[in-house]
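Trainee: Before I ask anything, let me first share the structure, which is written out below as structure tokens.
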Amino acid sequence: MAGLLAAVAAAYGAHLLYTSLRLDWTGLGPGPSDHAAGLARRRRLRDWLAQAGLGTVAAGEFAAVIAGVFAVGCALGFVLFGAPLPALVGGAFTATFPVAAHRQRRQARRALALDAWPRLIEEVRILTASAGRSIPQALFQVGASGPEALQPAFGAAHREWMLTTDLERSLRVLRDQLADPACDATCETLLVAHELGGTDVDRRLADLADDRRTDARHRRDARARQAGVRFARRFVLLVPLGMAAAGLSVGNGRAAYQTTLGQAAVLVAVVMVAGCWAWAGRMLRLPEEERVFAP
């Protein structure tokens, strides 16, 4: 078996070497890498980290945290079951906890931004129409008094404006740090109004605020209807873990976990729980608005 694996690894290495030298293929895949698809994946990962408040965290650092949690989960699984295979499966399941935690944080930040943008747009409209502020002044003044989670992004964009007086570059900083579709639409509207001028800016901002307000209301209603199901999903996750821990104190429970049949049963149970958890999360996921104006 070991000889067969070594032969397969050597053959694949020869394939990678030949295609790299003769065909200029890159990457570890069997075919040429799709540069555009790779850029899209990296952009989605960067947007995901920014929406979770981790815009300054590199992907490698986040992967290192996941690896550390995986090691801790393996150690706890080995202490609990006394066998390596269930420990590895438990470690893999535990490694999803940082992703799940930051997904919850991302959802909370996006919900906050979704609720805040209609008010921010309305205040910008009032300041530009009634108080005579310019669009950059109104935007950064409103951002400075906005939600605390959004203030660092507005502060960075304001610093860029003070240094360059280039609104497009300043709005690009704001959009990169928030990675929010509502922010993209608002920034594009304000940029066009700033560059072209006109008398219909007030109406356009009012329509945009009304659209954002309607979308936020519908999403709040959908989450309220899902509240009970989401609680049941979290509660059910604790039941198998409690039963596994209780089984250690019943008869020869710990010895049963160390048998081949016991390890196979634990493996199947963990995979089923993880699969059901992921499937339920996908069923409860609300459609996300795409960043149509992403830089």
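Trainee: Can you give me the ranges of the helices (runs of 4 or more DSSP H) entirely in the stretch 174-261 with at least 2 residues that are at pLDDT 75 or above and farther than 22 Å from Glu288 by Cβ?
Mentor: 181-196, 201-247
Trainee: Would you check which residues across the stretch 194-233 are over 21 Å from Arg110 (Cα atoms), aliphatic (A, V, I, L, M) and surrounded by 14 or more Cβ atoms within 10 Å (Cβ to Cβ) and list them?
Mentor: Val201, Ala206
Trainee: Here's a follow-up. Which of (1) modelled with pLDDT under 75; (2) surrounded by fewer than 11 Cβ atoms within 10 Å (Cβ to Cβ); (3) within 27 Å of Ala111 (Cβ to Cβ) does Phe293 not meet, given it meets every other one?
Mentor: All conditions pass for Phe293, except number (2).
Trainee: Name the residues in the stretch 49-74 that are at pLDDT 75 or above and among the aromatic types (Phe, Trp, Tyr), would you?
Mentor: Within the stretch 49-74, just Phe70 meets the criteria.
Trainee: Just to be sure, is Glu188 of a type in the set (Asp, Glu), over 23 Å from the mean Cα position of the chain (by Cα) and closer than 14 Å to Leu139 by Cα?
Mentor: yes
Trainee: Only residues in the stretch 257-281 that are touching a residue at least 24 places away in the same chain (Cβ under 8 Å) count as the first member; pair them with residues that are assigned to a helix (DSSP H, G or I) and of a type in the set (Gly, Ala, Ser), Cβ under 7 angstrom, at least 6 apart or cross-chain, and list the lot.
Mentor: Here the result reads Gly262/Ala256; Val270/Gly90, each pair linking the stretch 257-281 to a residue that is assigned to a helix (DSSP H, G or I) and of a type in the set (Gly, Ala, Ser).
Trainee: So which of Asp115, Asp184 is surrounded by 21 or more Cβ atoms within 10 Å (Cβ to Cβ), charged (D, E, K, R) and within 23 Å of Arg220 (Cα to Cα)? Write out each step before concluding.
Mentor: Numbers: Asp115 fails: surrounded by 21 or more Cβ atoms within 10 Å (Cβ to Cβ).
Among Asp115, Asp184, only Asp184 is surrounded by 21 or more Cβ atoms within 10 Å (Cβ to Cβ), charged (D, E, K, R) and within 23 Å of Arg220 (Cα to Cα).
Trainee: Pairs needed: first member in the stretch 168-197, within 16 Å of Phe154 (Cβ to Cβ); second member anywhere, among the aromatic types (Phe, Trp, Tyr) and modelled with pLDDT of 80 or more; C-beta distance under 8 Å; at least 6 residues apart or different chains.
Mentor: Close Cβ pairs satisfying both conditions: Ser170/Trp161; Leu174/Phe154; Asp180/Trp117; Ala182/Trp117; Cys183/Trp117; Thr186/Trp117.
The values are calculated or read from the model by the stated rules, or taken from the named source; none is laboratory data. Values in this document were obtained by computation on a predicted structure and should not be read as measured data. Neighbour counts are summed over all protein chains in view; Cβ atoms, including those assigned to glycine, are modelled from backbone coordinates with ideal geometry.
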